[in-house]
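Enquirer: Okay, here's the structure, questions in a sec.
Quick note: the coordinates plus some simple rules give every number you see, no bench work behind them. What you see is a predicted model; the values in this text were computed from it and never measured. Cβ atoms come from the backbone with ideal geometry, glycine included; neighbour counts cover every protein chain shown.
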Amino acid sequence: MICILLFLPVLLGAVVLLLNNKIVTRTSLLLLPLIYIAVTMLVWSGLNWIILPGWLNVFFRFDSIGILFLGVMSVVFLASSIYSIFYFDEHECSVQQEAVYTVTMFLFVAAMAGVLISTHLALMWVFVEATTLTSALLIYFEKKKSSLEAAWKYIYICSIGITLAFVGIIILSIGSRSFNSLFFSDLYAHASEINPFWLQISFAFILVGFGTKIGVAPIHAWLPDAHSEAPSPVSAMLSGTLLNTAFLGLIRVQGIMIEAHRDSFSNFLLLITGFLSLLISAVFMLQIKNYKRMLAYSSIENMGILFIGIALGKPGIFAAMILLVAHSFSKTSLFLTSGNILNIFKTKKIENIRGLLKKDSFTGWIWIISLLSISGLPPFPAFIAKFLIAKAFFIAGLGWLAIPFFILLAIILYGMGGAVFKMSFDDNEIEITETVHLTYHAYLGQILMLILLIAIGTNLPETVLSILKSAASFIY
Amino acid sequence: MSNILIILLGTSILYIFAASRIESYVKTLAFQGFALFLLVILDLKEINWINIAFLAIETLVVKAIVIPLFLLRVIRKNEIGREVEPYISQFYSMLIASGIFIFGFVAAFWSAKVGAEVKPLYFGVSIVLIIASLFLIVNRKRIITHILCYMILENGIFLLSLSVANEMPMLVNLGVLLDLFVGIYLFVIFFNKIQEMFDGNHIDILTELKD
């Protein structure tokens, strides 16, 4: 299973490059996410063959939280792959370009899978850095001036940030000299032996490092640029899976803090960065001009809420897991739809887009429904998550923090909702004569996401609930 | 012997602060790589031989030869061997460098005093390298100097990991090296593209994207 996740993308990528054939490329682009989903399901049902040699096998393992993240990643990957086909057709990509895109995407996904199943802190770091390197090429895929700038900012800022996380890892190994191991299982088992001073410094460094990758304020500078300049299916992958992946790294380190009973320190830092992200996002959301950047700031907001969630202890982390799923699916749907809008209107400026519903009613409705989903209205799961986080504030004895929390959320919703409704409805001044019809690839991914969201939100299936619960019980 | 090497590594940072030509950055990088190689060899008794062979090859071949040569070729090809163009003048940079050194020494003394399980001199100088390279990144206009300072940062982290003398598994060492290699390669690719498309190599020209 681990072999499939890590090596199949590389193999399949080699095949794609060698054959350089349009049908092979597109088939494998759709095949890999399906295989990933199948692997996730099999592993969850308890089946797991191991064909790796023993010395390699100790570095990889599936655990409950990893499976949740893997499942979310695979589903988002499927939606993004379906949309990529539409993207190729619309941009008239050459066979060569399609192959390069597909191979880079495969390596990117394999690197993310590596982060999710690593059992060693430094190895996980290696994979996180690998996700940066592979996705930078995808951001630059359109080869425009602006996408080059975004890619440079992304790769440089994230590399420096991630390097600081490595400083944190070395510092952690200073503190853990007594048992001299950076395997998570050892770190959890011997957490109380780690020197608290070095542990806290190390957490601060790792928070900055992985925080850069997660895109929380004040180290989010790359995020709006990269998300707005990447091709839409890549933006969906960045927002729906990459941020989660780095977030998992941070959760695992937070697990060490909890085991070492130093979580009051880490929770404090997480709360501050979380609220700062909400604040930054709210400030920029009020004067937003570019709808893809708007979605990027919304990602910063949601990552901030996730930070607040895990800082609030046991009830918060369960809420955070629900929000993570809700955010990934809704944001994927939003980013893919933003690709449709870009395709219809050829602009990213909100002010130039009016009457989306008349122009292409299907895109318009998906756009609006996805907004409702991300903003946490019932019946969508983000509602449950935000409700549970509000509850967690009171359980943690920080009820007063719920007030600024909801005020900031309301400001963000006001900014985002205003923009979305202006784009969709406001069509008094302009005459829209022709309607646009895109191929079904342009809608399939989003519809899949919205169906899943409504299914989770209205009637949480037992399996999903148990996956969420066991993931949440991972660190407490 | 290893103490002298560490001191030389520290001095190389002062040299970089004072240097005004970009090529001297590359030479310093090669020197640092070689010094790290000697340090690894001198620590021979502490680590097992596969790891030491790997680290020796990594420092000597990659850090001291391949990456500096690669960057030197890029610099010569693009004819940007002249000034480094700092934001803050050389004099104030030197003052700040002294401040960083004082901090590094305090950290070294402190780590020796509290009995932290690190080698104090290694620890102090590696902190100097890390902070100084971050300062240089902020204080330089040219994109190529950003890439060079990233390498200095990597060297600082390598020294920090030597100060702990905790060995990482082989797989991790390999992965870190691969990431570094691909990272530098991609940096240079993007750097070349920026020169082509933006017609310049200052970080100030990247102004396409803002809110």
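Enquirer: Counting other Cβ atoms within 10 Å of each Cβ, which trypsin sites (Lys or Arg not before Pro) in the range B:30-125 have at most 13 and sit in a DSSP loop?
Expert: B:Arg82
Enquirer: Using +1 at the Cβ of each Lys and Arg and -1 at the Cβ of each Asp and Glu in the protein assembly as shown, identify which of B:Ile57, A:Val58, B:Val40 lies farthest towards the dipole's positive end.
Expert: Farthest along the dipole direction, towards plus: B:Val40.
Enquirer: Less than 28 Å apart at the alpha-carbon level, and either on another chain or at least 8 residues along: which lysines does that give for B:Lys27?
Expert: Correct list for B:Lys27: A:Lys153, B:Lys63, B:Lys77, B:Lys119, B:Lys141, B:Lys193.
Enquirer: How much of the calculated P(r) for the range A:213-343 lies past 20 Å, in percent of all Cα pairs?
Expert: The share of Cα pairs beyond 20 Å in the range A:213-343 comes to 42 percent.
Enquirer: Still on this structure, please answer the following. Nearest 10 degrees, 0 to 90: what angle lies between the long axis of helix B:67-78 and the longest principal axis of chain B (Cα atoms)?
Expert: Once rounded, the angle reads 10 degrees.
Enquirer: Counting only other chains, what is the mean number of Cβ atoms within 10 angstrom of the Cβ of each residue in peptide B:179-188?
Expert: Neighbouring Cβ atoms belonging to other protein chains average 5 per residue here.
Enquirer: Also, quick follow-up: Rounded, prolate or oblate: which fits the range B:64-211 when a ≥ b ≥ c are the square roots of the eigenvalues of the alpha-carbon gyration tensor, with rounded for a/c under 1.5 and prolate only if a/b beats b/c?
Expert: Taking the square roots of the gyration eigenvalues as a ≥ b ≥ c, the range B:64-211 is oblate.
Enquirer: Could you compute the net charge surrounding A:Ala122? Neighbours are other residues with a C-beta less than 13 Å from the C-beta of A:Ala122; K and R count +1, D and E count -1.
Expert: Net charge in that neighbourhood comes out at -3.
Enquirer: Please report the net charge: other residues with Cβ closer than 11 Å to the Cβ of A:Ser298, K and R +1, D and E -1.
Expert: Local net charge: +2.
Enquirer: Let me ask something else. So which of A:Lys331/A:Lys422; A:Lys213/A:Lys349; A:Lys213/A:Lys331 end up more than 21 Å apart by C-alpha?
Expert: A:Lys213/A:Lys349
Enquirer: Pairing the Cα long axis of helix A:22-44 with the longest principal axis of chain A, what angle in degrees results, from 0 to 90 and rounded to the nearest 10?
Expert: Approximately 40 degrees, to the nearest ten.
Enquirer: Give me B:Met94, A:Met105, A:Met416 sorted ascending by neighbouring Cβ count inside 10 Å, so fewest comes first.
Expert: With the sparsest Cβ surroundings first, the list reads B:Met94, A:Met416, A:Met105.
Enquirer: Tell me the mean residue ellipticity at 222 nm calculated for chain A from its helices only (DSSP H runs of n ≥ 4, each -39500 (n - 2.57), averaged over every residue, nearest 500).
Expert: -25500 deg cm²/dmol, from helical runs alone.
Enquirer: Still on this structure: Roughly what percent of Cα-Cα pairs across chain A reach past 28 Å?
Expert: Tail of the P(r) past 28 Å holds 49 percent of the pairs.
Enquirer: Go through B:125-131, A:84-90, A:55-61 and give me the packing order, highest mean Cβ count within 10 Å leading.
Expert: My ranking of the peptides, most packed first, is B:125-131, A:84-90, A:55-61.
Enquirer: Let me ask something else. Pick out, from A:Phe210, A:Pro196, A:Leu465, the residue whose Cα sits farthest towards the positive end of the charge dipole of the range A:2-472, with +1 on the Cβ of Lys and Arg and -1 on the Cβ of Asp and Glu.
Expert: A:Pro196
Enquirer: Is the shape of the range A:398-465 rounded, prolate or oblate, going by the alpha carbon gyration tensor and its root eigenvalues a ≥ b ≥ c, with a/c under 1.5 for rounded and a/b larger than b/c for prolate?
Expert: In terms of gyration-tensor shape, oblate.
Enquirer: Going by average Cβ density within 10 Å per residue, which order do the peptides B:98-108, A:362-372 take, highest to lowest?
Expert: A:362-372, B:98-108
Enquirer: For peptide B:125-133, what's the mean number of Cβ atoms from other chains within 10 Å of each residue's Cβ?
Expert: Taking all residues of B:125-133 together, the mean is 1.
Enquirer: How high is the relative contact order of chain A? Use alpha-carbon pairs under 8 Å, at least six apart in sequence, and give a whole percent.
Expert: Once divided by the residue count of chain A, the mean separation gives 17 percent.
Enquirer: Any chance you could give the angle, 0 to 90 degrees and rounded to 10, that helix A:145-175 forms with the longest Cα principal axis of chain A?
Expert: It is inclined by approximately 10 degrees.
Enquirer: Now for a separate question. How large is Rg over Rh for the range A:48-165, taking Rg from the Cα atoms and Rh as the Kirkwood inverse mean of 1/r across Cα pairs?
Expert: 1.02
Enquirer: Identify which of B:Ile13, B:Ile41, B:Ile88 has the largest mean-square fluctuation in a Gaussian network model of chain B, with springs joining Cα atoms closer than 10 Å.
Expert: Result: B:Ile88 has the largest fluctuation of those listed.
Enquirer: Could you line up A:Ile389, A:Ile353, B:Ile7, A:Ile117 from fewest to most neighbouring Cβ atoms inside 10 Å?
Expert: Lowest count first: B:Ile7, A:Ile353, A:Ile117, A:Ile389.
Enquirer: Here's a follow-up. Can you tell me, using C-alpha contacts under 8 Å and at least 6 residues apart, the relative contact order of chain B as a whole percent?
Expert: 22
Enquirer: Now for a separate question. Within 10 Å of each residue's Cβ, count the other Cβ atoms and sort A:Leu123, A:Leu377, A:Leu276 from fewest upward.
Expert: Exposure proxy ranking, most exposed first: A:Leu377, A:Leu276, A:Leu123.
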